[in-house]
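All remarks here apply to the structure that follows.
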Amino acid sequence: MMSQHDNKNTTALVHGGQLNKMVERYKIPLEQWLDLSTGISPNSYPIPAIPQYIWQQLPQKSEGLLAAAKHYYGTQSISTTSGSQAVIARLPALYLNHIKKPSSHIEVWLPEVGYKEHERAWHDAGFTVKHYQHLPKYEDLALNAIVVVINPNNPTGELQQQQKLTALLTTLESLSGWLIIDEAFMDVIAPSQSLIHLTLNKHLFVLRSVGKFFGLAGIRIGFLSAHPFWINKLNQLSSPWEVNGPAQFIAEQALNDHAWQLAQRQKLTDLSIKLEQLLTKTFLHHPTKSDGPSITIKGCGLFKTIVYPQATELYQKLCRQGLYVRLCDENNALRFGIPDQAQYLRLERLLAEHCHS
């Protein structure tokens, strides 16, 4: 159930969204691909007109953006970041500066299946990495232990409830450890299971993303909610002008646009239901294609993941059709991003071809 990391090299990670590589590999022109390889919303927040002075000035801390973020996320302690990835990379150094112990003496617990950049950051900093299938309990954890939770999990869609996470936070507080929660996909969860309202606790860090729900991954902006002590320390590790001005302007408008957010949640709900129904019809209602009972479909409002016995073969077959999805790291599942209406019609045709081939 729980195993120590085997010291493998995690530097060559694969992510979705690498369409240029697929064009080169499969010799299919870019415009002929259907790209559902990420968990980014197909409906993006409409970019407002950006005042000229924002392009001309060096980026400055935007109090308007922070006020919008505090209201949207429900916390009074939050900092703007250049995407979650920048924070993930810096947290190990922040912890070592605080603990003053060799990294190899500190255990970091990560989900067995999940976004691997978390693991790479801690592994490369020399920490002892352990994996869990189910949240570790008090008896599993050592002094100063760190637990990373991706909630909901990417790519499994597993959602940890507030009650369980609050209990885990209490445990880690007693051990002088940290609980780090990556809530990149939390925007689509209703009712929310976020712990972001508890981040005045010095043992809790919560990451939030603008890129996924708002469909704005290209502007590279996100947020960290933590105790002000940690936010100040992390800012000292950051470079000046890290979050560009146009990104801050766009994010402020998006976080304040409650009518758009409400409509977006409804659109994503409708589209994700349609996708799950299509995947169910294609893969669960055709047991002759493979071992039906071992196929499962899970996910959230921004992706659906199908666990499939011949996932690698299916992935390659879909790529040859010009359909790009994410082959999960364990090579036993495919993650489908949510298609918009036009993409859905094309996906439906491609999956019909799959069923008849």
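Descriptive notes on the structure:
- So ILE40, is it among the β-branched types (Val, Ile, Thr), modelled with pLDDT of 95 or more, part of a loop (DSSP other than H, G, I, E, B) and under 18 Å from the mean Cα position of the chain (by Cα): yes
- Looking across region 97-116 at every residue that is among the aliphatic types (A, V, I, L, M) and at pLDDT 95 or above, the one that is farthest from GLU183 (Cα to Cα) is identified as ILE106.
- ALA217 open to solvent by less than 10 Å² (accessible area, probe 1.4 Å) and of a type outside the set (Lys, Arg): no
- Subset of region 100-129 that is of a type outside the set (Ser, Thr, Tyr), open to solvent by 30 Å² or more (accessible area, probe 1.4 Å) and out of contact with any Ser or Thr (no Cβ under 7 Å at 6 or more places or on another chain) - its residue that is farthest from LEU172 (Cα to Cα): ASP124
- Boolean, PRO48 is closer than 17 Å to GLY215 by Cα, in contact with a helix residue (DSSP H, G or I) (Cβ under 6 Å, 6 or more places away or on another chain) and assigned to a loop (DSSP other than H, G, I, E, B): yes
- Residue match in region 287-301 (condition: in a strand (DSSP E or B), in contact (Cβ under 8 Å) with a residue 24 or more places away in the chain, under 23 Å from the mean Cα position of the chain (by Cα) and closer than 14 Å to SER41 by Cβ): yes
- Among residues of region 181-202 that are over 24 Å from ARG220 (Cα atoms) and touching a residue at least 24 places away in the same chain (Cβ under 8 Å), those with a Cβ under 9 angstrom from a residue that is open to solvent by 20 Å² or more (accessible area, probe 1.4 Å) and of a type in the set (Val, Ile, Thr), sequence gap 6+ or separate chain, pair up as ALA190/THR269; LEU198/THR166.
- Number of the exception - LEU200 against (1) open to solvent by 70 Å² or more (accessible area, probe 1.4 Å); (2) at pLDDT below 95; (3) of a type in the set (A, V, I, L, M, F, W, C): (2)
- Any chance PRO29 is touching a residue at least 12 places away in the same chain (Cβ under 8 Å) and either open to solvent by less than 60 Å² (accessible area, probe 1.4 Å) or small (Gly, Ala, Ser) (or both): no
- Some residue of region 243-263 being farther than 30 Å from TRP55 by Cα, within 20 Å of the chain's Cα centre (by Cα) and open to solvent by 10 Å² or more (accessible area, probe 1.4 Å): no
- Looking only at residues in region 51-81 that are open to solvent by 100 Å² or more (accessible area, probe 1.4 Å) and in a loop (DSSP other than H, G, I, E, B), the one that is farthest from ALA254 (Cα to Cα) is LEU58.
The values are calculated or read from the model by the stated rules, or taken from the named source; none is laboratory data. What you are looking at is a predicted structure, and each value in this text was computed from that prediction instead of being measured. Note that each Cβ is placed from the backbone with ideal geometry, even for glycine, and that neighbours are counted across all protein chains shown. Accessible surface areas use protein heavy atoms only, side chains included; no ligands, DNA or RNA. Shrake-Rupley method; radii C 1.70, N 1.55, O 1.52, S 1.80 Å.
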